[in-house]
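S.K.: Submitted below is the structure of interest, expressed as structure tokens.
Nothing in this text is a laboratory measurement; each read-out follows from the coordinates by a stated rule. Every value quoted in this text rests on a predicted model; they were computed, and no experiment measured them. A quick note on method: Cβ atoms are made from the backbone with ideal geometry, for glycine too, and the neighbour counts reach across all protein chains shown.
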Amino acid sequence: MKQVTHFINGAFTPVSSGPKGEIFDPATGQVSGTVDFASKEVVDQAVESAAKAFIEWRKTSLAKRSQVLFAFRELLNAKKEELAAIITAEHGKVLSDALGEVTRGLEVVEFACGIPHLLKGAYSESVSTGIDSYSIRQPLGVAAIISPFNFPAMVPMWFFPIAIGAGNTVVIKPSEKDPSSTNFVAALWKEAGLPDGVFNVVHGDKVAVDALIDHPKVKSLSFVGSTPIAKYIYENGTKNGKRVQALGGAKNHMLVLPDADLELAADAAVNAGFGSAGERCMAISVLVAVEPVADSIIEKISARMSKLSTGDGRKGSDMGPLVTRVHRDKVASYIDKGVAEGARLVVDGRNPNVNGESNGFWLGPTLFDNVKPSMSIYQDEIFGPVLSVVRVASYEEGMALIEAHQYGNGVAIFTNDGGAARRFQNEVQVGMVGINVPIPVPTAYYSFGGWKNSLFGDTHAHGTEGVHFFTRGKVVTSRWLDPSHGGINLGFPQNR
Ligand code: NAD
């Protein structure tokens, strides 16, 4: 049985007493280890270590910082299969998917390796006679990152490479459901030569999160998780004077127009609906079929679903288990609700044929037709392998649905009409848009983030917005003595 513990000031620091959580192997249903939960005192220790390390790290040259980032990139790349296996063992997603998330995280590390360029300011000579002006961006201090279970490697990497590259120090609180990958990453940072205290990990639950929100030395909070907690973090973090970006839940629509390539659209709906067992914030969970395409696309999707295998992610299945039994049962209860609410259950995943042990947290891919906007399976984020088809008569009716929904994370349109796609990208009230692309996750040099209840705060993750989030701007106006420009002048400075 593994015991996962905190990483503070460059060392794993087990605590002898206090609460712990259980870690499961979702494919067997067995407990595979425990994770220490941090008390307020442990969080304080981690933040103090980060605050102390900040004093030197922020002064460390850009050349040295990018060398450490590059060394970290090399180590991570060399060990990505090992990290993927750790993710699969605790999250359940299939190995190829776990490797995919590590690769997308690596891209942010690669982006951050260019931090010397990203932090460059501007310089204007002679803004007034004898006076120059220039801008610089400086780190904030201790950055806290609180991450969800569904991307235990990639989501933290949306933030910490940029935070560290920009000269901040980090305390991360990973999900207690799959905490090991963050400790693996912590050891890689140490091997890469990152000074002790720059990257710290505290494990735990609300107690640890509240301690981070309340700690006066924590200057920023980057949160990813469900919408109620995102709202809580945003409201309390900003009340405490911190800079906050809090990414929340999602319900991503895929609008299929009558002229779409239905084979492509059916492939996309299955890949984006059931990949990672639907536990992705960018999963497609609603297919909006503009008539007359519904019957045809449902047939094509069902045919593809019948070929999907569900089983242990280490054994070559298409879809793994859900993360915990509680979550599996919650998703299954939505299938019960959908039936009770009158939707047509086309494919029922509640008793799947499984290539794996019977106690695993299994749920097969599920498809509903005739879903109405009033139903809870349409309104709520289910976060499992459940795809709902809503039939609409027109593009406008489909757009009105998307507009009215509380979430605005990702969205996709499938069409062969460039004009329709262009109108869609301009009108839709959603942060990340795909055109014949079902999971439009922006690359590292663009920024990731939704609208409406999918994000609280002004700044999205990574890309230039990430650099802005982890730095503060300063503008310097300087004059070096020129005897000809002395003298008294009490007027407001004007450029001459
Ligand atoms: P979650 O909200 O349950 O947990 C997220 C983090 O918050 C974890 O570290 C958890 O320990 C902590 N937490 C849980 N309850 C808390 C409480 N009461 N007070 C303070 N902290 C608390 O989310 P999850 O189940 O781990 O992840 C799934 C959710 O994350 C989904 O809603 C999904 O859409 C969302 N998500 C969003 C994005 C995005 O980019 N918008 C990306 C990934 C996941």
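S.K.: Percent relative contact order of the stretch 172-293, based on C-alpha pairs within less than 8 angstrom and at least six residues apart?
M.R.: 19
S.K.: Please list, in order along the stretch 438-448, the HN-Hα scalar couplings obtained from phi with the Karplus expression 6.51 cos²θ - 1.76 cosθ + 1.60 (θ = phi - 60°), rounded to whole Hz, x for Gly and Pro.
M.R.: x, 10, x, 6, x, 5, 4, 8, 9, 10, 9
S.K.: Under 5 Å between amide hydrogens, which residues at least 5 positions from ASP205 or on another chain qualify, with H placed 1.01 Å from N in the peptide plane?
M.R.: The answer is ALA38.
S.K.: Another question, if that's okay. Where the centroid of each part is defined by its Cα atoms, how far is the stretch 275-343 from the stretch 347-366 in Å?
M.R.: The distance from the Cα centre of the stretch 275-343 to that of the stretch 347-366 comes to 11 Å.
S.K.: Past the 30 Å Cα-Cα mark, which pairs from LYS177/LYS315; LYS120/LYS177; LYS59/LYS190; LYS120/LYS217? Mind showing how you got there, number by number?
M.R.: Details: LYS177/LYS315 22 Å; LYS120/LYS177 39 Å; LYS59/LYS190 19 Å; LYS120/LYS217 26 Å.
With Cα atoms farther than 30 Å apart: LYS120/LYS177.
S.K.: Let me ask something additional. So for the stretch 252-435: antiparallel DSSP bridges make up what percent, rounded to the nearest 5?
M.R.: So the antiparallel bridges in the stretch 252-435 amount to around 10 percent.
S.K.: Oh, and also: If one takes the longest principal axis of the Cα atoms in the chain, at what angle in degrees, from 0 to 90 and to the nearest 10, does the Cα axis of helix 294-305 lie?
M.R.: Roughly 80 degrees, rounded to the nearest 10.
S.K.: Taking the number of other C-beta atoms within 10 Å as the exposure measure, put ILE213, ILE131, ILE488 in order starting with the fewest.
M.R.: Values: ILE213 22, ILE131 18, ILE488 4.
Fewest-to-most ranking of ILE213, ILE131, ILE488: ILE488, ILE131, ILE213.
S.K.: Most exposed first by the Cβ proxy, i.e. fewest other Cβ within 10 Å, how do SER96, SER478 rank?
M.R.: Least crowded to most crowded, the residues run SER478, SER96.
S.K.: List, in order, the whole-Hz ³J(HN,Hα) value for each residue of the stretch 406-422 obtained from phi through the Karplus relation with A = 6.51, B = -1.76, C = 1.60 and θ = phi - 60°; use x for Gly and Pro.
M.R.: Once θ is set to phi - 60°, the couplings for the stretch 406-422 become 5, 9, x, 7, x, 7, 9, 10, 10, 6, 10, 9, x, x, 5, 5, 5 Hz.
S.K.: Calculate one ³J(HN,Hα) per residue across the stretch 246-254 by plugging θ = phi - 60° into the Karplus curve 6.51 cos²θ - 1.76 cosθ + 1.60, and present them in order as whole Hz with x for glycine and proline.
M.R.: Working through the residues one at a time gives 10, 8, x, x, 7, 8, 8, 9, 10 Hz.
S.K.: With +1 on the Cβ of every Lys and Arg and -1 on the Cβ of every Asp and Glu, and nothing else charged, how large is the dipole of the chain about its Cα centre, in debye rounded to the nearest 20?
M.R.: With only Lys, Arg, Asp and Glu charged at Cβ, the dipole is about 1440 debye.
S.K.: Across the stretch 244-295, what fraction of all alpha-carbon pairs, as a whole percent, falls in each successive 5 Å bin from zero upward?
M.R.: So the P(r) values, bin by bin, are 5, 20, 26, 21, 14, 9, 4, 2, 1.
S.K.: Sticking with this one: How far is helix 325-341 tilted, in degrees, relative to the longest principal axis of the Cα atoms in the chain, given as a value from 0 to 90 rounded to the nearest 10?
M.R.: Approximately 50 degrees, to the nearest 10.
S.K.: Select from ALA50, VAL389, ASN252 the residue farthest towards the positive end of the dipole of the chain; place +1 on Cβ of Lys and Arg, -1 on Cβ of Asp and Glu, and compute about the Cα centre.
M.R.: ALA50
S.K.: While we're here: Using the alpha-carbon atoms, what tilt in degrees (0 to 90, nearest 10) does helix 80-91 show relative to the longest principal axis of the chain?
M.R.: Long axis of 80-91 versus the principal axis of the chain: about 60 degrees.
S.K.: Of TRP451, TRP480, how do they rank once you tally other Cβ atoms within 10 Å and put the fewest first?
M.R.: TRP480, TRP451
S.K.: Between ASN252 and residues 5 or more places away or on another chain, which pairs have amide H atoms under 5 Å apart, with H built 1.01 Å from N, and which residues are they?
M.R.: Amide H to amide H, under 5 Å and 5 or more residues apart or across chains, ASN252 pairs with SER285, VAL286.
S.K.: Need one number: % antiparallel among DSSP beta bridges in the chain, to the nearest 5.
M.R.: Approximately 40 percent, going by the DSSP bridge assignments.
S.K.: If you don't mind, another one. Hey, what did the stretch 252-435 get for relative contact order, percent, Cα under 8 Å, at least 6 apart? Write out the running numbers ahead of the final one.
M.R.: On the way: 351 pairs, mean separation 52.9, N = 184.
It comes to 29 percent, rounded to a whole number.
S.K.: At what distance in angstrom do the alpha carbon centres of the stretch 426-496 and the stretch 189-240 lie from each other?
M.R.: Comparing the Cα centres of the stretch 426-496 and the stretch 189-240, I get a distance of 23 Å.
S.K.: I've got another one for you. How long are the three semi-axes of the equivalent ellipsoid for the stretch 252-435, computed from the Cα gyration tensor as the root of 5 times each eigenvalue, in whole Å, largest first?
M.R.: 27, 17, 15
S.K.: How long are the semi-axes of the ellipsoid equivalent to the chain, from square roots of 5 times the Cα gyration tensor eigenvalues, in whole Å, largest first?
M.R.: Whole-Å semi-axes of the equivalent ellipsoid: 42, 30, 19.
S.K.: Divide by every residue of the chain the summed helix terms, -39500 (n - 2.57) for each DSSP H run of at least 4, and state the resulting mean residue ellipticity at 222 nm, rounded to the nearest 500 deg cm²/dmol.
M.R.: Counting only the DSSP helices, I get -11500 deg cm²/dmol.
S.K.: Using the Cα centre as the reference, give the magnitude of the dipole from point charges on the C-beta atoms of the stretch 252-435 (Lys, Arg: +1; Asp, Glu: -1; all else neutral), rounded to the nearest 20 debye.
M.R.: 560
S.K.: Check the straight Cα-Cα distances from LYS251 and name the aspartates and glutamates below 15 Å, setting aside those fewer than 8 residues away within the same chain.
M.R.: Cα-Cα hits under 15 Å: GLU279, ASP380, GLU381, GLU403.
S.K.: Over the chain, what relative contact order in percent results from Cα pairs under 8 Å that are six or more residues apart?
M.R.: 19
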